[in-house]
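Single-structure report; data block below.
Laboratory data are not the source of any read-out in this text; all were calculated from the coordinates shown. Computed from a prediction, not measured in an experiment: that's the story for all the values here. Glycine also receives a Cβ, built like all others from the backbone with ideal geometry; neighbour counts cover every protein chain displayed.
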């Protein structure tokens, strides 16, 4: 059933978000434990930024990114499913969005090479905006 196929990259995004969330806490807890830092010292993001090194916060920054454009992706996927408009073009665009968000997350959580991360972000965004605009044109045509 093609309509259900839109949920494969949708669930992939949910699992990516879980993986980044898990990795973030593994890195943070390891850093705090290794350096005997009391968690109470991290009462605000500003205090945390002064204590936790940038590379330990990469995953945290990526997790925030996963609650930006991906929220629109979830909404579009649900709209497509409910309205019965899922087709191969949407499925390919959804997989492209998901695959490039995986690349974006891997880069940001590890080496954090900005231009590589930006390239993955930009192309994934194009795939998402293609989906949004296609939905809008079909809806208002």
Task: Theoretical ellipticity at 222 nm over the chain - DSSP helices of four or more residues, -39500 (n - 2.57) apiece, nearest 500 - done: -27000 deg cm²/dmol
Open item on the list: What do you get for the angle between helix 114-140 and the principal long axis of the chain? Use alpha-carbon atoms, 0 to 90 degrees, nearest ten.
Closed with: 30
Open item on the list: Order these by the 10 Å Cβ neighbour count, fewest first: 81, 90.
Closed with: 81, 90
- [ ] Return the tail of the calculated pair distribution for segment 4-141, meaning the percent of Cα-Cα pairs more than 22 Å apart.
- [x] 45
Task: Helix 88-109 vs. the chain, principal-axis angle (Cα, 0 to 90°, nearest 10) - done: 10
TODO: Counting other beta carbons within 10 Å of each Cβ, put 92, 4, 24 in order, fewest first.
DONE: 4, 92, 24
Task: Cα-based helix-to-principal-axis angle, 7-34 vs the chain, degrees rounded to 10 - done: 0
Task: Residues 83, 105, 125, sorted so that the one with the fewest Cβ neighbours within 10 Å comes first - done: 83, 125, 105
- [ ] Would you please put 33-42, 10-19 in order of how densely packed they are, using the mean number of other Cβ atoms within 10 angstrom per residue and starting with the highest?
- [x] 10-19, 33-42
